[in-house]
Amino acid sequence: MKKTILKTLVMPLVMLGLISTSCSSDDNTNDNTNSSFVLDRENLKGEINQGTVILENGTYKLTGALVVKDGAKLVVKQGVTIEATPASGGDFSSVRYIAVAQGGEIDVQGTAENPVVMTSTNKTPGSWGGLVLCGKAPINKGITASAEVSELTYGGVNPQDSSGSIKYLRLEYTGFSYNSEKEFNALSFFGVGSGTTIEYVQAFEGSDDGFEWFGGTVNAKYLVVINSHEEVGDDLFDWTEGWNGTGEYWYGKRANAGNRGIEADNNSNNHLAAPISNPTIKNITLIGNGIDGGGENQALKLRVGTKAKFDNMVLANWGTGFDVQHDESISYVLDGTLEATNVKFENIGTRAKGANSAGEIADVSMIYTENATSNGAGNGTAKPIWANGWTVGF
C-alpha cells in the first residue's frame, strides 16, 4: 500500500504526534495494522493471527477458509464484495467460509446504499460455507463445545462477550453440505455474546438455515431471509443450545419447498439443560409457500424444551402456524413462558397444534392471542421500509 506523509508543517505535526497518511485505492492489497497476514484480493484465505486486516474497494476472491483468530480483527468496508470461488469436488479442506474464533472480531461496515456482499461465483444455493461466529457466552451443551462446521471452540461464561459488529451485510448462495448432518448456514452464531452487534443482515438463497443460534446471548435486529430457488432450503431461522438473546424486525419468506419459518429447540439430549433457550422476538413476518403439505410446513416448530416470547407477528401461507412438541415445551405454553401475543394469521391451515413426548395430541391453542392490526416486521407481508436499498429478492 502506497503511503504519503504530509510535507507541510512536518516538524510541528511530529511534535504533536500527528502524522496523516493516505492510501491509493488502486493497490491490490490493503493496509494491515500490526498483522503478518498477506492480503491478496485474488486469493483470500488463511488465518489472521494478530492485528487488523482491512478489506476495502472492490471484490476479493475467497479461495479457502478465512479464520480470524484470538486477538485479531477483520474489517470489511462498505461496498466490498467477497466472492467464493468453486471448491474442488469432495475436497472438504478447500471449502470456502469465513469464521471468527473466540477472541477474534469482525467489523462489517456496510450501509443501506453500499452493503457488504458475501456471495459466490456459482449463483446456486450451497455453493460456499457462509459466515461463522464463535464466542464465549454460555451454552447448554457443556461449558464449551466444538462448532460443527469449523471445529472452532465456542461457549463459556461471559454473556457480554463481543465478536465484533456486523451492519448491512448480504450473504448469498450459502449452505455448503459436508453430509446430511453437517451443513453451513448463512450466518451461524456459536455461543456469541451480547456485546456483538448484528443489524441489517440478509440471507439470500441458501440451502440450509438462514440464521442459526447455538446458545449465547447475542441480539439481532433487522434480519431478512428469502429463499425461492428450486434447491430446497432448510429453516429460515433456527435456535438451539440455550439461546437467550432478543430479536427485533425479522422478515422471512420462502417460495420453495423448504422447511419451517422458525425451528426452535433447547437441547435434544436433555430438554431441561440450562441455560434454557428463551429468546424474546418482536416484530416478525414469516411467509410460507402455501397451506398444502398436510400441515408439515410450519411457520414455527417449537420443541425439546424451548421457551420464547413473541409479539407482533404476521404469519402467512403455512400449513400450520404453531407446532409445539414434547412435554417440556407444552408445559411452558401452559404456564405462559412460551407464548405469542398480537398474532395476525393469513392463509394458515391450522393455527396451532401440539403433541406430547409420547406423541399424543395436546391442546396448545392458548399459545397465541390474535390482533388483526399487527404489522409484523413493519409492513405486514410486504417489504419493510427498513429493507430498502440493501436487500434483494423481494
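In the range 206-223 there is at least one residue matching the filter, namely being under 23 Å from Asn289 (Cα atoms) and touching a helix residue (DSSP H, G or I) at 6+ places or on another chain (Cβ under 9 Å). Against the conditions (1) surrounded by fewer than 24 Cβ atoms within 10 Å (Cβ to Cβ); (2) touching a Leu at 6+ places or on another chain (Cβ under 9 Å); (3) in a strand (DSSP E or B), Glu328 satisfies every one except (3).
Ala352 satisfies every condition listed in (1) within 23 Å of the chain's Cα centre (by Cα); (2) farther than 30 Å from Thr144 by Cβ except (1).
Go through the range 265-317 and give me each residue that's crowded, with 23+ Cβ neighbours inside 10 Å, assigned to a strand (DSSP E or B) and among the hydroxyl-bearing types (Ser, Thr, Tyr). If the condition is that a residue be crowded, with 23+ Cβ neighbours inside 10 Å, assigned to a strand (DSSP E or B) and among the hydroxyl-bearing types (Ser, Thr, Tyr), then Thr285 is the only one that fits.
Rule-based calculations on the coordinates, nothing more; no lab input. What you are looking at is a predicted structure, and each value in this text was computed from that prediction instead of being measured. FYI the Cβ positions are ideal-geometry reconstructions off the backbone, even for glycines, and counts take in every protein chain you see.
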